[in-house]
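First up is the structure itself, then whatever we jot down about it.
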Amino acid sequence: MTAGGEIRATPRLDRLERIDRSRSRAWALQIHYRWESGGRQGSLRDALVETTATRRIAPRRVPFVRSLLRRLDDHLPEIDGALASALDNWSLDRVSSIDRGVLRIGAIELLYDDDVPPKVAIQEAIRLAEAYGGNESPRFVNGVLDALFKRGGGGA
């Protein structure tokens, strides 16, 4: 949706592009976890550089990983504020690092990526939570991101 309220068509991705984006989100989550575990030293982009020094990310996935991490670096206070308002009876610092990373990635796409439909952003976050989080993570992530979306957080 544009600022004027018009619905904007989002480009359809082919199967390989969807797979690459899903795997890029997983890389962004791993890099976020590394960054948080390291005491949040430097930026997420710095953590990407450190990660690629020892791990190989498929070159076609790097731009999307970089884009997610850049937007997180640029908008982290706003993202955390939006997530905090969507958390019922929880504070963001009480959420596990993995779930916090999944929520931040989902929120960055909900709030700052017009090319990703809100339902896709939420579903992709749920998939990350299923793969990397605890037993309750998928339901928790779904609830928080759905609340964020319903509060007007989708299609910024």
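Table for the structure above
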| read-out | value |
| --- | --- |
| Cα gyration tensor shape for the stretch 33-93, rounded if a/c is under 1.5, else prolate or oblate | prolate |
| Solvent-accessible area per residue for the stretch 57-116 (1.4 angstrom probe, square angstrom) | 41 |
| Burial ranking of peptide ranges 68-77, 81-90 (average Cβ count within 10 Å, highest at the top) | 68-77, 81-90 |
| Under the span-like rule (Cα at least 30 Å along the axis, Kyte-Doolittle mean at least 0.0), DSSP H helices of the chain | 62-86 |
| Net charge, Tyr132 excluded, C-beta distance under 11 Å - Lys, Arg +1, Asp, Glu -1 | 0 |
| Amide H contacts of Val116 (H built 1.01 Å from N, under 5 Å, at least 5 apart or other chain) | none |
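The values are calculated or read from the model by the stated rules, or taken from the named source; none is laboratory data. All values derive from a computational prediction rather than experimental measurement. Virtual Cβ from ideal backbone geometry, glycine too; neighbours counted across all protein chains shown. Areas reflect the complete protein model, heavy atoms only, side chains present, ligands, DNA and RNA absent. Shrake-Rupley method; radii C 1.70, N 1.55, O 1.52, S 1.80 Å.
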